[in-house]
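The structure under discussion appears below in the form of structure tokens.
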Amino acid sequence: MAANGVPSTGKGLIVSFGEMLIDFVPTVSGVSLAEAPGFLKAPGGAPANVAIAVARLGGNAAFVGKLGDDEFGHMLAGILKENGVSAAGINFDQGARTALAFVTLRADGEREFMFYRNPSADMLLRPDELNLELIKSAKVFHYGSISLIVEPCRSAHIKAMEAAKEAGALLSYDPNLRLPLWPSAEEAREQILSIWDKAEVIKVSDVELEFLTGSNKIDDETALSLWHDNLKLLLVTLGEHGCKYYTKDFRGSVDAFHVNTVDTTGAGDSFVGALLAKIVDDQSIIQDEQRLRAVLTFSNASGAITTTKKGAIPALPTETDVFNLVKGA
């Protein structure tokens, strides 16, 4: 056992599937893209952030996805490797570019996106390009919904998910809604929910909960309308208000840590990475409320630290960083 009743980080493989891209972030906060005097490159993409979050905490992570065979794509693969994430599941596309996103940081730290993906390499991952050996060795297989938007990536996503499940992996889903990427809100809702009943761990934000349920209430009844029989753990993250958790046998909430928030990018990915790193070797934690609460406290702290610096990847914490915040609170 590690400190504060939190188990040590697991050694089982966590495979994260989906997109990795470069966010171009204005050098000045609180301005529109047109007003920005310049931009900094910030590598990102939720599934890649989760993989690096796991590795930064001392876990075992791999990323599966497709990048452009261009300078940016090779840069991103290099960043994964530098951060201790296996790149054995990465393919490079000769014909398409690595995805880019221009992000504005509003004065309140929230973000707006403008995407360059027409089509980007991540959308072109084919089922026959999957490293199935890697995927089948996963103890946890984690994914989002951006990989469901278009073919052939959608079919690759479904195949990878089924292969991981057959091999005994825990399936973890964070829809990570990015509405501008979908043809319509209806299509987004339909496709995000099309694989809903496969996942055993699902994390949604308060905004995603409202979007998926059509309710303007963030209460237990609304959250539980998303429950399904295969689900073991449903999490609703509430930003500075912490998170709510739901299992077959119990439910509750865990408070957030109050920090000086600069940029919320990657906070949810950091939260998920921390959770997965702590349950990968012992999934019985999900059934034990006391241990689950300790892990979620750790995950909340991990997410909070990530908001204290600009950019997702540079801000992802080490285990020592997280325990320092937990102990200091």
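Between residues in segment 304-320 that are under 21 Å from Val28 (Cβ atoms) and open to solvent by 50 Å² or more (accessible area, probe 1.4 Å) and residues that are part of a helix (DSSP H, G or I) and aliphatic (A, V, I, L, M), which pairs lie under 6 Å by C-beta distance while being six or more apart or on different chains?
Final answer for the pair search is Lys309/Ala315.
Consider segment 138-159. How many of its residues are buried (at least 19 other Cβ atoms within 10 Å of the Cβ) and either among the polar types (S, T, N, Q) or assigned to a strand (DSSP E or B) (or both)?
6
Take Ser284 and tell me if it is modelled with pLDDT of 95 or more, touching a helix residue (DSSP H, G or I) at 6+ places or on another chain (Cβ under 7 Å) and not aliphatic (A, V, I, L, M).
Spelling it out, it is not the case that Ser284 is modelled with pLDDT of 95 or more, touching a helix residue (DSSP H, G or I) at 6+ places or on another chain (Cβ under 7 Å) and not aliphatic (A, V, I, L, M).
Evaluate the following for Gly65: is it assigned to a strand (DSSP E or B), modelled with pLDDT of 95 or more, within 15 Å of Ile22 (Cβ to Cβ) and open to solvent by less than 10 Å² (accessible area, probe 1.4 Å)?
yes
Tally time: how many residues in segment 178-196 are at pLDDT 95 or above, out of contact with any Leu (no Cβ under 8 Å at 6 or more places or on another chain) and closer than 22 Å to Val15 by Cα?
Final tally of qualifying residues: 0.
Condition check: modelled with pLDDT under 95 and either farther than 11 Å from Ile313 by Cα or touching a helix residue (DSSP H, G or I) at 6+ places or on another chain (Cβ under 7 Å) (or both). Does Leu57 satisfy that?
Here the answer is no, as Leu57 does not meet what is asked.
Please work out which one of (1) closer than 29 Å to Lys278 by Cα; (2) charged (D, E, K, R); (3) touching a helix residue (DSSP H, G or I) at 6+ places or on another chain (Cβ under 7 Å); (4) free of Cβ contacts under 8 Å to residues at least 40 places away in the same chain is the condition Glu19 fails and give its number.
If we test Glu19 against (1) closer than 29 Å to Lys278 by Cα; (2) charged (D, E, K, R); (3) touching a helix residue (DSSP H, G or I) at 6+ places or on another chain (Cβ under 7 Å); (4) free of Cβ contacts under 8 Å to residues at least 40 places away in the same chain, just (4) comes out false.
The rows are residues; the columns are (1) free of Cβ contacts under 8 Å to residues at least 12 places away in the same chain; (2) in contact with a Pro (Cβ under 8 Å, 6 or more places away or on another chain); (3) under 21 Å from Ser172 (Cα atoms); (4) of a type outside the set (D, E, K, R).
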| residue | (1), (2), (3), (4) |
| --- | --- |
| Ser86 | no, no, yes, yes |
| Ile90 | no, no, yes, yes |
| Asp93 | no, no, no, no |
| Leu100 | no, no, no, yes |
| Ala107 | no, no, no, yes |
| Asp128 | yes, no, no, no |
| Leu132 | no, no, yes, yes |
| Ser137 | no, no, yes, yes |
| His142 | no, yes, yes, yes |
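Could you list all residues from segment 146-175 that are more than 19 Å from Ala96 (Cα to Cα) and of a type in the set (A, V, I, L, M)?
Hits for segment 146-175 are Ile158, Ala160, Met161, Ala163, Ala164, Ala167, Ala169, Leu170, Leu171.
Looking at Glu71, Glu35, Glu19, which one is at pLDDT 95 or above, surrounded by fewer than 19 Cβ atoms within 10 Å (Cβ to Cβ) and more than 19 Å from Thr306 (Cα to Cα)?
Glu71
Which of the residues that make up segment 116-136 are over 17 Å from Ala156 (Cα atoms) and surrounded by fewer than 17 Cβ atoms within 10 Å (Cβ to Cβ)?
Of everything in segment 116-136, those that are over 17 Å from Ala156 (Cα atoms) and surrounded by fewer than 17 Cβ atoms within 10 Å (Cβ to Cβ) turn out to be Tyr116, Asn118.
Looking at (1) surrounded by fewer than 18 Cβ atoms within 10 Å (Cβ to Cβ); (2) touching a residue at least 60 places away in the same chain (Cβ under 8 Å); (3) not in a loop (DSSP other than H, G, I, E, B), can you tell me which one Gly30 breaks?
Looking at each condition in turn, Gly30 falls short on (3).
The values are calculated or read from the model by the stated rules, or taken from the named source; none is laboratory data. Being a predicted model, the structure only gives us computed values, none of them experimental. Cβ coordinates were reconstructed from backbone atoms using ideal geometry, including for glycine residues, and neighbour counts include every protein chain displayed. Side chains included, ligands, DNA and RNA excluded: accessible areas come from the protein's heavy atoms. Shrake-Rupley method; radii C 1.70, N 1.55, O 1.52, S 1.80 Å.
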